[in-house]
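Okay, structure first, notes after.
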Amino acid sequence: MTCKNCNTPLEKNALFCDNCGAKVVTSRITFKLLTTDLFVNVFGIDSKFFLTLRKMLTHPQEVINEYITGVRKRYVNPFAFLAIAAAISLLIFNYFADDFIRIQSNVNSQQLEKFKEAANKDINSLSNISDKELKKLKSEKKVAQFQLKLVDNMQQFMLRYYNLLTFVFLFIYAILSKWTYWKPHNFGEHIVINAYTYGFATYFTTIAFLIAMIIHPSIYVYSMFIYIIYYLYVFGKLYKQGFGKGILKLLRFILGLLIFTAITIPIIALIGFLIGIFGFI
């Protein structure tokens, strides 16, 4: 038997040619074989990316521990893994921008309806009200209009700078997870942990968004709960802790998030105020 690519003699039962490295093919072409070649060779289903994606679902602790301890060629770089997820989400969210805003608005739909009702209220048609009441209604209308504009500007800001915000949140998550799980990982290793975890969760929520457009907006909202459960799952596997201890750690994480929010809320309020006044640039 010889190699069909370079005509070099091959040993019996050889799988690859020693001269050119080509795979020895003895079977006939079938539909199953073509389908397998399509996914393996064209889409790279056996590549590092898909291996990382699959193992972050089944054995996330192996991906994280192996990468941290020096196994770098087997898996996709954690920042690349997260960046790809953010880029895919950015493309999809912007392509379906109207649906994205509609689904995001569904989270606070009742509050937004109150804002819209107050913002569109025809005050001039009202009669038999005092000047004080009229002034109050005008003030409430301006506030409601400002809040609606603020919400819209913030949504547009998120759509435009989703990639940047992803890595800002990565840094915040790493700080909080380091505070929650002080040992044995350092801050840099917590960034790696959260990049892989946040990346996989982003792929999941992007799929949930596509399903939500077809079925119901609430699916995207509920996916956030699964997002939290996945974080519990990953850290539980990584630190070998039970569900009960995981809940306690989650509460510690949430406490840290509340403290962080209390510190940063004045800055966020100021940014929102400036966006609301000067508009989205």
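The values are calculated or read from the model by the stated rules, or taken from the named source; none is laboratory data. In this text, all values refer to a predicted model and were calculated from it rather than measured experimentally. Here the Cβ is made from the backbone with ideal geometry for all residues, glycine too, and neighbour counts use every protein chain on show.
Among the residues in region 241-249, are any of a type outside the set (Phe, Trp, Tyr), at pLDDT below 85 and touching a helix residue (DSSP H, G or I) at 6+ places or on another chain (Cβ under 6 Å)? Scanning region 241-249, I find at least one residue that is of a type outside the set (Phe, Trp, Tyr), at pLDDT below 85 and touching a helix residue (DSSP H, G or I) at 6+ places or on another chain (Cβ under 6 Å), so the answer is yes. For the condition exposed (fewer than 12 other Cβ atoms within 10 Å of the Cβ) and either at pLDDT 90 or above or within 23 Å of the chain's Cα centre (by Cα) (or both), Tyr95 qualifies. The residue pairs whose first member lies in region 77-103 and is in the same structural domain as Arg160 (by TED's automatic domain parsing), whose second member is in a loop (DSSP other than H, G, I, E, B) and hydrophobic (A, V, I, L, M, F, W, C), and whose beta carbons are closer than 8 Å, counting only pairs six or more residues apart or on different chains, are Ile84/Val76. Any residue at all in region 252-265 that is touching a Pro at 6+ places or on another chain (Cβ under 8 Å) and among the basic types (Lys, Arg)? There is no residue in region 252-265 that is touching a Pro at 6+ places or on another chain (Cβ under 8 Å) and among the basic types (Lys, Arg).
Taken over region 207-216, the criterion of being surrounded by fewer than 20 Cβ atoms within 10 Å (Cβ to Cβ) and part of a helix (DSSP H, G or I) is satisfied by Ile207, Ala208, Leu210, Ile211, Met213, Ile214.
Where helices (runs of 4 or more DSSP H) fall entirely within region 13-90, those with at least 2 residues that are at pLDDT 90 or above and more than 21 Å from the chain's Cα centre (by Cα) are at 60-68.
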